[in-house]
Amino acid sequence: MAIVWVCRLGVDAYADLGRHLDVPRFECPVCGEPMVLWGFYRRYLRVGTWCKRVWIRRQRCKACRRSHVVLPQFVTNGRLDELGVIGEGIEAMVAGGGARKVAEDLGLPHTTVRDWRRRFRTRAVLLATAHKEAVARIRYCIAEMAMGAITGDVGAGKSVALRAAVASLDRTRHTVVYVANPMFGTRGLYVSIVSALGAVPRFHKAEVMAQAATLLAAEEVERHRRVLVAIDEAHLLSPAQLEELRLMALCRGGDYAEEGEHGPGSPCCCKGGLLSCSA
Ligand SMILES: [Zn+2]
């Protein structure tokens with residue numbers, strides 16, 4: 001099995017290091033046990049007109065006796081060309097370029113580029129299915145006013161799925177608070193919500209907390225709009241921030257709760273769906 005290693009080295013530096021590569025030891029993808037280093041193998045890697053032999057690290061699991069290869073992220077299993085070159089070719093074809101023209105531009109054989117396209121078409125169907133599923137799950141969270149987290153590799157399309165789910169919402173019935181980066185402490189969360197709801201945040205944390213609660217309740221009860229808080233890069237949230245989010249989601253509507261569909265003191269739905277998206 002191949003393990004993808006997000007390697008900080010560029011292609012040239014990787015090739016130049018040869019067998020002096022410092023590859024971290026991974027856990028066995030089959031049984032989860034730590035693996036031992038198990039030599040290297042050599043393969044060709046083509047980057048445009050440049051084609052060299054590079055060393056690829058092997059690791060072996062003592063428990064299940066399987067060996068696995070550790071590929072830097074720019075090397076693909078079973079393909080000669082570097083991932084960036086393949087990506088460039090695919091992008092050009094998605095934009096309408098023919099395989100023959102793209103192959104000419106990249107200085108590669110037509111059959112190679114045609115093969116990438118064929119493979120991409122089959123994979124695109126799977127990607128589209130995963131995207132649809134993510135969008136459906138986000139919509140479910142919004143409808144149920146639940147807190148949800150989307151996790152996935154960098155570039156897997158988490159933010160795209162979030163945008164697609166938000167785009168399909170009735171904007172007269174929903175208010176979306178989008179936080180691109182949550183590295184601003186617990187007060188920052190309240191400030192983002194208050195600002196997104198069109199008010200000027202008060203200075204002290206206790207005041208801004210009360211202000212946020214009042215505004216959120218007013219959105220729900222007076223304007224009949226559901227508030228959705230979407231947080232990108234949610235893996236950066238601190239435990240304290242997560243606790244504040246939890247409390248906000250459970251927050252009682254106070255005076256408004258009596259007028260709402262819930263009785264006084266019951267968990268209020270004024271906070272809408274809280275959705276976090278992590279890389
Ligand atoms: Zn194993």
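The values are calculated or read from the model by the stated rules, or taken from the named source; none is laboratory data. No experiment lies behind these values; they were computed from the predicted model shown. Positions of Cβ are backbone-derived with ideal geometry, glycine not excepted, and every protein chain shown enters the neighbour counts.
Summary table
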read-out: Inter-residue pairs, beta-carbon under 8 Å, first in the same structural domain as residue 72 (by TED's automatic domain parsing) and in region 15-29, second away from the ligand (no atom under 13 Å from the Cβ) and of a type in the set (Lys, Arg), 6+ apart; value: 15/52; 21/57; 23/57
read-out: Verdict on residue 7 being within 16 Å of the ligand (Cβ to nearest atom) and either under 21 Å from residue 124 (Cα atoms) or part of a loop (DSSP other than H, G, I, E, B) (or both); value: no
read-out: Single residue of 36, 75, 47 found to be in contact with a helix residue (DSSP H, G or I) (Cβ under 9 Å, 6 or more places away or on another chain), at pLDDT 90 or above and not assigned by TED's automatic domain parsing to the domain that holds residue 109; value: 75
read-out: Exclusive hit being more than 16 Å from the ligand (Cβ to nearest atom) and surrounded by fewer than 19 Cβ atoms within 10 Å (Cβ to Cβ), set 62, 101; value: 101
read-out: Any helices (runs of 4 or more DSSP H) falling wholly within region 156-238 and containing at least 2 residues that are closer than 30 Å to residue 127 by Cβ; value: 158-167
read-out: Count of residues meeting criterion [touching a strand residue (DSSP E or B) at 6+ places or on another chain (Cβ under 9 Å) and more than 16 Å from the ligand (Cβ to nearest atom)] in region 21-47; value: 12
read-out: Filtered residue count, region 171-209, keeping only those that are in contact with a Ser or Thr (Cβ under 7 Å, 6 or more places away or on another chain) and surrounded by fewer than 13 Cβ atoms within 10 Å (Cβ to Cβ); value: 0
read-out: Failed criterion for residue 140 (all others in (1) among the hydroxyl-bearing types (Ser, Thr, Tyr); (2) outside any helix (DSSP H, G or I); (3) touching a Gly at 6+ places or on another chain (Cβ under 9 Å) hold); value: (2)
read-out: Test: residue in region 67-76 that is without any contact (Cβ under 8 Å) to a residue 12 or more places away in the chain and more than 16 Å from the ligand (Cβ to nearest atom); value: yes
read-out: Among residues of region 84-98, those that are in contact with a strand residue (DSSP E or B) (Cβ under 9 Å, 6 or more places away or on another chain) and crowded, with 17+ Cβ neighbours inside 10 Å, counted; value: 2
